[in-house]
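Below: the structure, in structure tokens.
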Amino acid sequence: MSRRRKLGTKKKIALLAGAATLAGGGAFALAATSNAASVQNASTSTVCQGLATALGNNEKFIADQRAAPDALSEARIANREAVLAEIRRKQEASGCEVGESAQGSPAAPADPPAQSRPPAQSQPPAQGGGATSGAADGGDAAAAGEQVCKGSTVTLSGEDGAPAASSNQFPAGTKLRVTNLDNDKSTTVEVTSVSGSCALLNNAAFEQVREPGKFLIRRALIEKVG
């Protein structure tokens, strides 16, 4: 007859405890990996959404120019076609779906009559790092701003050049101050062209207020100054 070795009670408890520890450690590792993947996916999603919005805004601008052309429409369209190509390149480099397009905030209605406008709101200057574009016309003008396009998000056009903005509501020459409420950075720029958004910043202006790796400002304060 064969003799079976019987484990003592203490040895059984030790083996069970070791197995539980290994199982718990594995669960912790899986949870940590899952959390890291979730954070990475959220970051990529934000980047892709910002690029899709920029693409959509520029596509809308081109469509509007073709629907109601003028003497400069051909040049504007050629410029924006180059911008579209650059945005698609950034989509590919960021792992986004190339060509994905989304419209930004819908055009806000025209400014209401003066008597019904909300009181002007001014944003205090950022502490240690707020940026102001060279297009600003001095601290006094920037200190008194009228909030416009409440609730609008802000993205970039992809255009190069000195800090500037384009808008579907304000004519060329209008000064707008855009503040990123997530990092308290602001820039004051001049509207130089037409776009499909309340305020669409070019590359240089967007760099002054962006958060690293993001192509969309969700919480923006847009003010008309000067």
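If the chain between ALA85 and LEU181 were fully stretched, how many nm would it gain, using 0.36 nm times the residue separation less the Cα-Cα distance?
31.6 nm
Among residues other than GLU211 whose Cβ falls under 12 Å from its Cβ, what is the net charge (Lys/Arg +1, Asp/Glu -1)?
Numbers: positive: LYS185, ARG210, LYS214, ARG218, ARG219; negative: ASP182, ASP184, GLU207.
Neighbourhood net charge equals +2.
In whole Hz, what ³J(HN,Hα) sequence does segment 58-70 give by Karplus (6.51, -1.76, 1.60; θ = phi - 60°), x for Gly and Pro?
Taking θ as phi minus 60°, the curve returns 6, 5, 5, 4, 4, 4, 5, 5, 6, 6, 9, x, 9 Hz for segment 58-70.
Quick check for you: with a 1.4 Å probe and neighbouring chains kept, what is the accessible area per residue of segment 144-226, in Å²?
On a per-residue basis, segment 144-226 sits at 36 Å².
Suppose the chain between SER45 and ALA172 were pulled fully straight at 0.36 nm per residue; how much longer would it get relative to their current alpha carbon spacing? Walk me through the intermediate numbers first.
Working: separation 127, 0.36 × 127 = 45.72 nm, distance 3.34 nm.
Length gained, SER45 through ALA172: 42.4 nm.
For ALA68 and ALA162, what does the FRET efficiency come to when R0 = 30 Å and r is the distance between their Cβ atoms, rounded to the nearest 0.05?
0.60
In whole Å, what are the Cα extents of segment 46-94 along the three principal axes, biggest one first?
36, 15, 9
So, with a 1.4 angstrom probe, what is the percent of accessible area on segment 146-224 that is carbon and sulfur?
48 percent
Please compute one quarter of the surface area of the Cα convex hull for segment 146-224 and express it in square nanometres.
4.4 nm²
The values are calculated or read from the model by the stated rules, or taken from the named source; none is laboratory data. Since this is a predicted model, take the numbers as computed values, not measurements. No Cβ is skipped: glycine too gets one built from the backbone with ideal geometry, and neighbour counts run over all protein chains shown. To get the accessible areas, we keep the full protein, side chains included, count just its heavy atoms, and leave off ligands, DNA and RNA. Shrake-Rupley method; radii C 1.70, N 1.55, O 1.52, S 1.80 Å.
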